[in-house]
Amino acid sequence: MIEQSDLGRTLIIVNPAAQSGAAGEVGERLQRFLSMYLHGRDRFELVRTEGPRHAIELAADAARFDSVLAVGGDGIIHEVANGLMHIERDSRPALGVVPVGSGNDFAKTLGIPEVSCDTDLARVLTCERTPFDVGRVEYAPAQGPSSARRVEYFVETCSFGLDAAIGLGTYTLRTSTGLRGAPLYTLSGLRTFGLRYRDYPATVTIGDAEPQRIRTLIFAIQLGPTYGSGYRICPDADPADGLFDICYASGPAPRVIALPLFLSAKDGHHLGSNLIHAQRTTHVELDFDEADYPIQADGERIEATRATVTCLAAELDVLKPAR
């Protein structure tokens with residue numbers, strides 16, 4: 001029998017715009033459900049984001065809470081995780097996920113399906129605090145002084161190249177097509193391969209190896225196994241093993257070969273190609289030849305000329321369904 005988790009004092013952060021407003025309703029239902037089931041309305045506070053990156057501020061100010069639940073898609077999870085990383089480790093609340101989004105890759109990694117009915121809200125009661133790794137991206141912004149450095153964290157994926165362009169391209173397509181999930185990502189991929197197909201020269205240092213020059217199509221640094229709403233780019237990635245799983249495709253490849261390779265990543269079948277390289281490490285240095293490369297962290301755009309990506313082992317407690 002699975003024991004009921006103790007959420008303690010809980011902050012529920014909702015992106016009211018996610019899923020055309022559905023996340024706002026789910027957040028209110030979640031607050032009512034937890035308050036009634038656990039007999040303590042004062043323990044569950046709900047706040048709504050008012051714009052991009054607002055959830056970072058809200059989560060950074062959540063040290064007085066035991067748990068913070070992110071209601072929405074991968075975007076708000078990314079922001080909440082970034083906010084929590086501003087809090088000292090010993091005082092940092094646990095991150096919980098209530099998926100109501102388009103991609104939901106981090107929720108897939110946790111084994112949490114998208115909320116479709118009130119019964120799904122009860123899953124948060126059967127979760128246990130599990131230490132997860134966090135990726136840290138320290139980068140020189142594409143604009144501004146070259147000495148300026150910024151930091152962004154991620155919990156699932158960081159990539160540059162065609163895969164980042166595909167992920168970032170879903171934002172405009174989502175509005176114009178109404179698609180979501182894997183079909184949205186696939187359509188963005190087909191458009192990217194048709195309109196913006198190219199490689200991305202860069203100098204890459206993986207772990208303690210010597211720097212290498214590559215002309216990569218995709219370069220993914222993963223904590224979890226998927227990106228793009230279920231594309232299994234690194235099928236064996238474990239967000240609690242203290243390591244990144246890296247997958248990149250390099251070498252000249254015509255579109256007619258690269259496109260089927262991209263589509264085969266949906267089921268992880270790309271790994272048999274001689275264009276694909278896979279490694280594990282805790283540290284990656286990236287130096288981009290151009291300042292306008294598509295770069296994403298959990299689906300959020302980063303504009304950089306160079307970046308250092310580091311795996312912070314067991315840095316964030318996550319509410320994961322108990323086995």
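The values are calculated or read from the model by the stated rules, or taken from the named source; none is laboratory data. Given the structure is predicted, the values throughout are model-derived calculations rather than measurements. Here the Cβ positions follow ideal geometry from the backbone for every residue, glycine too, while neighbour counts run over all protein chains shown. Remember, those area values only see protein heavy atoms, side chains included, never the ligands or the DNA or RNA. Shrake-Rupley method; radii C 1.70, N 1.55, O 1.52, S 1.80 Å.
Residue-wise test of (1) open to solvent by less than 40 Å² (accessible area, probe 1.4 Å); (2) in contact with a helix residue (DSSP H, G or I) (Cβ under 7 Å, 6 or more places away or on another chain).
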residue	(1), (2)
V124	yes, no
V137	yes, no
P141	yes, no
V151	no, no
V155	yes, yes
L162	yes, yes
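Here's the yes/no breakdown for (1) β-branched (V, I, T); (2) over 15 Å from the mean Cα position of the chain (by Cα):
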{"site": "Y227", "(1), (2)": "no, no"}
{"site": "C234", "(1), (2)": "no, no"}
{"site": "C247", "(1), (2)": "no, yes"}
{"site": "H269", "(1), (2)": "no, yes"}
{"site": "I276", "(1), (2)": "yes, yes"}
{"site": "E285", "(1), (2)": "no, yes"}
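Test A142 against the criterion of being among the hydrophobic types (A, V, I, L, M, F, W, C), under 27 Å from A258 (Cβ atoms) and touching a Ser or Thr at 6+ places or on another chain (Cβ under 8 Å), and give yes or no. In short, yes.
Of the residues making up the stretch 9-29, those that are modelled with pLDDT of 95 or more and either polar (S, T, N, Q) or part of a loop (DSSP other than H, G, I, E, B) (or both) are R9, T10. Tell me yes or no: at least one residue of the stretch 62-74 is modelled with pLDDT under 95 and either in a helix (DSSP H, G or I) or of a type in the set (A, V, I, L, M, F, W, C) (or both). Yes, the stretch 62-74 contains at least one residue that is modelled with pLDDT under 95 and either in a helix (DSSP H, G or I) or of a type in the set (A, V, I, L, M, F, W, C) (or both). Among the residues making up the stretch 175-199, those that are part of a loop (DSSP other than H, G, I, E, B) and surrounded by fewer than 15 Cβ atoms within 10 Å (Cβ to Cβ) are G178, R196, R198. Looking at the stretch 207-233, which of its residues are out of contact with any Lys or Arg (no Cβ under 9 Å at 6 or more places or on another chain), of a type outside the set (S, T, N, Q) and either surrounded by fewer than 24 Cβ atoms within 10 Å (Cβ to Cβ) or within 19 Å of F132 (Cβ to Cβ) (or both)? Within the stretch 207-233, D208, A209, E210, P211, R213, I214, R215, A220, I221, L223, Y227, I233 qualify.
When the stretch 36-59 is filtered for residues that are surrounded by fewer than 16 Cβ atoms within 10 Å (Cβ to Cβ) and of a type in the set (G, A, S), the ones remaining, listed by number, are G40, G51.
Of the listed requirements (1) surrounded by fewer than 22 Cβ atoms within 10 Å (Cβ to Cβ); (2) within 20 Å of A220 (Cβ to Cβ), A202 misses just one: (1).
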